[in-house]
Amino acid sequence: MPSRIPSDWPDVIMVTDAESLAQALEIWKAAGVIGVDTEANSFFAYHERLCLMQVSTDSQDWIVDPFALGDDMQIMAPLLSDPEIIKIF
């Protein structure tokens, strides 16, 4: 196993605004299959909050910042609810 990430791996793309999220959504839709991982603040029993989302296709990785996006995160709902897009959590 290599001791570090190979230099030819693509850079991770940070998603911190509505424009970059919209661009990423188009790529994710076209991919048809995405990997999704979430990190949440679960210190509170009733109001867990999404703190970070990582999304991957077979060739690229994104880190989505819900704090920076605020209400713009809502534009992800159609992708996440689309049964034609396979989501691996």
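Each value in this text was obtained by applying a stated rule to the coordinates, not by laboratory testing. Keep in mind that what you see is a predicted model, and the values were worked out from it rather than measured. With ideal geometry, Cβ positions are generated from the backbone for all residues, glycine too; neighbour counts draw on all protein chains shown.
Neighbour counts of C-beta atoms inside 10 Å place Leu52, Leu21 in the sequence Leu52, Leu21, starting with the fewest. Given R0 = 25 Å, the distance between the Cβ atoms of Leu80 and Asp8 translates into a calculated FRET efficiency of 0.20. Taking DSSP loops as anything outside H, G, I, E and B, show the longest stretch in the chain free of GluC sites (Glu not before Pro) there with at most 13 other beta carbons within 10 Å. It runs 1-47.
Look at Thr57, Thr38 and count the other Cβ atoms within 10 Å of each Cβ; fewest to most, that gives Thr38, Thr57. How big is the shadow of the Cα convex hull of the chain, averaged over all directions, in nm²? So the Cα hull casts an average projection of 7.5 nm². The simple Förster model, with R0 at 22 Å and r as the Cβ-Cβ distance, assigns Asp58 and Ala22 a FRET efficiency of 0.55. Distance between the pseudo-spin-label points of Arg49 and Lys29 (7 Å out from Cα toward the beta carbon): 3.0 nm.
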